[in-house]
Amino acid sequence: MYEKIKSEIVQAMKEKDTMKVQTLRGVKGNIDLEHINKKVEITDELVIDILAREIKTRKESIIEFEKGNRSDLIEKTEKEIVLLQSYLPKQLEKDELNKIIDEVFGKVNPTSSKDMGLIMKELTPLVKGKADMKEVSLIIKDKLSNL
């Protein structure tokens, strides 16, 4: 994935797509920074973590831009989110996600909301990068409240 991002930066530079160049350079910079600071190998998992973090940051920015009536920045940020999401693995459909969550519930057998950590520990490796973890958390909390 890292190599793909690097080659797409070059391609975007040739096509003079400044938004794509800036966005991907930012992601590449964050990947390199994580690699240097934490002395970790650059893997697809690391790239997925950083892409997810970048998307989350941009979604939070959109909320702030809406408060400030900055439609120009909202539009630009939404385009960046779409671009970054294209590098993530295919996102799980709601049905697929619920099925995986149900399987984990069957495995963990939670008795109360105190078991949230156990569920997330089992579930995170299965859905990380393939689903919005905020949405996953909300689904789990809802299921736990119905126990």
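The values are calculated or read from the model by the stated rules, or taken from the named source; none is laboratory data. Please read all numbers here as calculations on a predicted model, not as lab measurements. Using ideal geometry, Cβ is built from the backbone for each residue, glycine included, and neighbour counts are taken over all protein chains shown.
Being touching a residue at least 12 places away in the same chain (Cβ under 8 Å), part of a helix (DSSP H, G or I) and surrounded by fewer than 14 Cβ atoms within 10 Å (Cβ to Cβ) narrows it down to one of 20, 4, so name that one.
Working: 20 fails: surrounded by fewer than 14 Cβ atoms within 10 Å (Cβ to Cβ).
The conditions single out 4.
Suppose the filter is without any contact (Cβ under 8 Å) to a residue 12 or more places away in the chain and not basic (Lys, Arg); does residue 142 pass it?
Details: without any contact (Cβ under 8 Å) to a residue 12 or more places away in the chain: yes; not basic (Lys, Arg): yes.
Criteria met by residue 142.
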From the list 132, 72, 44, 115, pick out the single residue that is modelled with pLDDT under 90, among the acidic types (Asp, Glu) and assigned by TED's automatic domain parsing to the domain that holds residue 9.
44
Of 91, 85, which residue is surrounded by 12 or more Cβ atoms within 10 Å (Cβ to Cβ), in contact (Cβ under 8 Å) with a residue 12 or more places away in the chain and touching a strand residue (DSSP E or B) at 6+ places or on another chain (Cβ under 7 Å)?
91
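State yes or no: is residue 121 in contact with a Leu (Cβ under 8 Å, 6 or more places away or on another chain), without any contact (Cβ under 8 Å) to a residue 60 or more places away in the chain and under 17 Å from residue 49 (Cβ atoms)? Walk me through how you get there before you give the answer.
Numbers: in contact with a Leu (Cβ under 8 Å, 6 or more places away or on another chain): no; without any contact (Cβ under 8 Å) to a residue 60 or more places away in the chain: yes; under 17 Å from residue 49 (Cβ atoms): yes.
When the stated conditions are applied, residue 121 does not pass them.
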Single unsatisfied condition, residue 29 versus (1) surrounded by fewer than 16 Cβ atoms within 10 Å (Cβ to Cβ); (2) modelled with pLDDT under 90; (3) small (Gly, Ala, Ser):
(2)
